[in-house]
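Note sheet for the following structure.
The values are calculated or read from the model by the stated rules, or taken from the named source; none is laboratory data. Source: prediction; values computed, not measured. Cβ: placed from backbone, ideal geometry, glycine included. Neighbour counts: every protein chain shown.
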Amino acid sequence: MLLSERSTPELLYQEVRWASLLSYGVTIKLLSDLMPMEHQLSTSTVSRHVHQVAERLERELGDEQPSFIEGCPDQWYQLPEPDEPLVVSLDGGYVHARSKERRKDGSFEVIVGKSTTGEGATTRFGLVSGYDTKPRRRLFEVLQAQGLQMNQAVTFLTDGGDTVRDLTEGHSPQSSHILDWFHITMRLTVLSQMAKGVSVEHKGEPFEKELERIKWFLWHSNLYKALQVLDDLEMDVDAKASPEAQKLAKTLHEFDHYIRTNQSSIPNYGDRYRNGEAISSAVAESSVNQMVSKRFVKKQQMRWTRRGARMLLQIGTRVLDETLPATFQRWYPGMGAVELPQEPALTAC
């Protein structure tokens with residue numbers, strides 16, 4: 001049974017909703033101020049209810065599959081005209097970890113995604129990398145909820161990491177993967193900053209100017225020229241000159257490897273930009289801030305188990321998408337209408 005005898009669906013909904021936005025302690029204080037309750041809630045009670053609701057959501061999730069592509073090209077051609085392409089932005093963040101053995105146990109990666117239709121409707125999802133047992137299914141059901149057809153284009157924007165790239169495979173025969181332009185420029189900016197402490201030139205041109213050439217070539221999908229300039233710069237940096245030069249040489253080599261690994265996912269960004277097509281996963285960055293940084297990291301000393309983070313993510317994504325009320329009303333047909341008050345200006349502790 002999901003609820004104890006003293007809890008109602010309405011109270012449970014408010015508990016898990018606010019617990020996904022604020023710390024458990026602040027959630028208890030908020031609910032105590034707003035609702036007259038016979039018994040005071042505890043953090044363990046709120047945490048348990050979050051896990052119970054999330055586990056119920058998990059049980060409704062279908063089975064994991066290596067691929068969700070169905071049918072054959074002849075069948076796909078007979079489908080109705082598809083809607084505009086779905087754009088899925090994926091990004092990752094890190095959460096402070098703890099385990100049963102150790103209070104402080106490093107950190108683990110959380111992947112957050114946002115799928116956007118041509119009309120601008122968005123659906124979010126989140127998972128713990130390497131721990132979630134149904135990562136592809138979780139993403140596929142998001143796409144299905146937005147009306148995915150097998151003849152519909154899907155564009156995935158990621159930072160190019162192996163984990164998120166693997167997650168995008170096997171969802172649609174019309175899918176494409178694009179390396180996020182923001183992550184390219186971010187790496188080039190780091191190289192430019194590092195070069196200020198190192199004296200290096202290429203054919204009489206400053207290092208920073210050569211980086212601008214690389215950026216221009218990548219913007220126009222001229223991979224041959226971009227990699228050629230990168231090779232030249234790697235040879236020009238004397239890694240033995242100083243510790244700063246060693247760091248620059250290492251970072252430059254890593255960027256070269258990054259571009260070579262993702263070269264099949266580097267389109268003509270200029271054309272896409274002029275046509276109003278997505279080139280950045282900035283929407284996923286905002287989701288990381290909403291669901292990971294705000295609740296798990298910023299201004300918080302709390303450390304999380306992988307299970308605890310995964311459970312809270314399942315609630316948080318539905319709260320942000322405003323689909324949690326419908327879920328509760330489906331579970332509890334007699335439940336009254338759920339109001340969505342504005343989030344109070346409280347700082348989680």
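General observations
- Selection count, region 297-319, where residues are crowded, with 18+ Cβ neighbours inside 10 Å and either in contact with a Leu (Cβ under 8 Å, 6 or more places away or on another chain) or modelled with pLDDT of 85 or more (or both): 14
- Selection within region 78-93 - outside any loop (DSSP other than H, G, I, E, B) and either exposed (fewer than 15 other Cβ atoms within 10 Å of the Cβ) or under 11 Å from the mean Cα position of the chain (by Cα) (or both): Val88, Ser89, Leu90, Asp91, Gly92, Gly93
- Of the strands (runs of 3 or more DSSP E) lying entirely inside region 110-191, not one contains at least 2 residues that are closer than 30 Å to Phe207 by Cα and among the polar types (S, T, N, Q).
- Test for Leu227: is it touching a residue at least 12 places away in the same chain (Cβ under 8 Å) and touching a His at 6+ places or on another chain (Cβ under 8 Å): no
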